[in-house]
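No lab work stands behind these numbers, since they all come straight from the coordinates. Worth saying up front: this structure is predicted, and the values here are computed from it rather than measured. Cβ placement follows ideal geometry from the backbone for every residue including glycine, while neighbour counts extend to all protein chains displayed.
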Amino acid sequence: MPFRPSRLRALREAKKWSQEELSKESGLSQSVIAKSEKGKNLPGSDALDKLAQALDCTIDYFHERGLEYENPAVAAAHMAFDVFVQQQVLTDEQRERCRRALRHQDAPKTAQGWCSFSEMLSLAIGPASTTSIALLGEQQPKSKPMAVARRRHN
C-alpha cells in the first residue's frame, strides 16, 4: 500500500506536536514534513524511518499495514507503549500497571511519556514487588531500637 499522508499528520496531531516540533525530533526539515503531510512529497525510506522513530510508530502504520486502531490518539498511545516496553527493563508487574492505563483517553502518547508515567507510578504506589512474594509467610525479625551509649568524660 502507498504512503498515507493523513496518517502522518493525524499521528503528529495526536501527540500535540507542531510540524516544527516533529522537525526537531526527527531531524527532518519542517518543509519536508509539511509536503509529506500534504501528499506533495513521498518521503524516502530514510525519512520514513526518522519519522517513525520520532513518532514512536512503525513504518507500516504510514502504509496502513499492521494493527488497526480506532483513532490516531489510541494508535499513538499503543505504539508508544510498545516502544517503551522494548526500551525498558520492566517486571511483569510494572508492565501490567502501565498497560492498564492504555484504556484511558489521556494515556501517554510517547515512549518518554510512558517512562515518566512508570516512574510516577513507582513513586505513588511503590516499586513493583520483586522479592516480596518469596517473603510471604516468612517471619520478619522485629527491629530493635538502637541504644545510644553516653560516655562520661571525667
Handout entry: In order through the range 58-67: 3J(HN,Hα) via Karplus (6.51 cos²θ - 1.76 cosθ + 1.60), integer Hz, x for Gly, Pro
Key = 9, 5, 4, 4, 5, 9, 6, 10, x, 5
Completion exercise
So, over other residues within a Cβ distance under 13 Å of SER23, counting Lys, Arg +1 and Asp, Glu -1, the net charge is 0
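Subtract the Cα-Cα distance of LEU123 and PHE3 from 0.36 nm times their separation in residues, and report this length gain in nm to one decimal. Don't skip to the answer; put the middle values down first.
Numbers: separation 120, 0.36 × 120 = 43.20 nm, distance 4.17 nm.
Contour length minus the Cα-Cα distance gives 39.0 nm.
So, counting K/R as plus one and D/E as minus one, what does the shell of residues with Cβ under 11 Å around HIS63 add up to? Before the final figure, lay out the partial values.
Numbers: positive: ARG4, ARG7, ARG65; negative: ASP60, GLU64.
Net of charged neighbours comes to +1.
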Fill in the blank from the handout: Here the relative contact order (percent) of the range 5-62, from C-alpha pairs under 8 Å and at least 6 apart, is 39 percent
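Can you tell me the dipole magnitude for the range 5-62 around its Cα centre, using point charges on the Cβ only (Lys, Arg +1; Asp, Glu -1), in Debye to the nearest 20?
260 debye
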Completion exercise
Rounded to one decimal in nm, the spacing of the 7 Å Cα→Cβ label points at GLU64 and HIS104 is 3.3 nm
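For the range 5-62, go through all pairs of different Cα atoms, get the mean of 1/r, take its inverse, and jot down that Kirkwood value in Å.
10.9 Å
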Practice task
Find out how many positive minus negative residues lie around ALA73, taking Lys and Arg as positive, Asp and Glu as negative, among other residues whose Cβ is under 15 Å from that of ALA73.
Solution key: +2
